[in-house]
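Working notes for the structure below.
The values are calculated or read from the model by the stated rules, or taken from the named source; none is laboratory data. Computed from a predicted model, the values in this text were never measured in an experiment. Cβ atoms come from the backbone with ideal geometry, glycine included; neighbour counts cover every protein chain shown.
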Amino acid sequence: MMNESTKKDLLRYKKNSAAAILTYFAIIFDVLFFASLYSSDYGTSTNADRTVVFYQWLIGISVVYNLLFLLAGFLCSEGVKNYKNGYSYVLIVMGVLQVARIFIIPAIAAFGSVERMFEVGIFSDISVESAGVIEGLGITAPVIDQFKFYYMCCCLLASAALCIIAGVNSFIKSTTLQNYMAELKKKRGSMI
């Protein structure tokens with residue numbers, strides 16, 4: 001069985017692959033979210049009137065954010081693998097932003113607005129009565145169904161949790177390694 005000093009010394013030679021793998025899985029859940037969102041066919045002739053809210057500037061911002069999330073996620077996975085502490089903070093912020101995304105597109109698509117979602121209740125059945133008025137047309141119909149709403153929320157929550165766990169893991173290991181390296185440097189300085 002290894003003692004504590006040996007475990008700390010091993011950090012100098014091993015990569016933090018646990019945090020990197022968690023970050024990769026967070027990216028996968030984000031991909032599942034946006035694949036579900038962007039692959040949905042809301043423009044068919046039977047529901048063409050429902051595309052008014054959904055395919056406007058909000059989706060454009062979502063596409064740009066997803067590209068930035070993927071880029072930042074891959075950069076962070078490499079950073080945390082090499083015990084760079086700053087990437088831990090970035091991962092935690094990314095996790096918080098993933099939670100916030102639930103209240104943007106999924107909430108608007110299912111309920112019409114965040115306020116309406118809280119009025120009706122997040123766990124109530126999504127129906128014509130629970131949906132908000134779709135912009136410009138006066139139609140009260142949800143753009144996505146209940147399963148799709150919960151699926152999107154689960155993907156975003158899983159991505160957020162994995163980002164935060166990876167960030168905390170990386171922070172703990174990076175801080176441990178930095179303290180150990182400072183301790184070694186102090187010991188070397190006292191030997192001279």
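Data table
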read-out	value
Unique residue being part of a loop (DSSP other than H, G, I, E, B) and either hydroxyl-bearing (S, T, Y) or modelled with pLDDT under 90 (or both) when the list is A107, A131	A131
Some residue of the stretch 147-155 being assigned to a helix (DSSP H, G or I), modelled with pLDDT of 95 or more and either under 22 Å from I21 (Cα atoms) or out of contact with any strand residue (DSSP E or B) (no Cβ under 6 Å at 6 or more places or on another chain) (or both)	yes
Number of positions in the stretch 80-96 that are part of a helix (DSSP H, G or I) and touching a residue at least 12 places away in the same chain (Cβ under 8 Å)	11
Hits in the stretch 1-38 - residues which are among the small types (G, A, S) and at pLDDT 75 or above	S17, A18, A19, A20, A26, A35, S36
Residue in the stretch 67-76 that is modelled with pLDDT under 95 and surrounded by 15 or more Cβ atoms within 10 Å (Cβ to Cβ) present	no
In the stretch 9-24, the residues that are under 30 Å from the mean Cα position of the chain (by Cα), surrounded by fewer than 19 Cβ atoms within 10 Å (Cβ to Cβ) and not small (G, A, S)	L11, R12, Y13, K14, K15, I21, Y24
Exclusive hit being more than 17 Å from L32 (Cα to Cα), surrounded by fewer than 21 Cβ atoms within 10 Å (Cβ to Cβ) and among the hydrophobic types (A, V, I, L, M, F, W, C), set V64, V80, V99, V90	V90
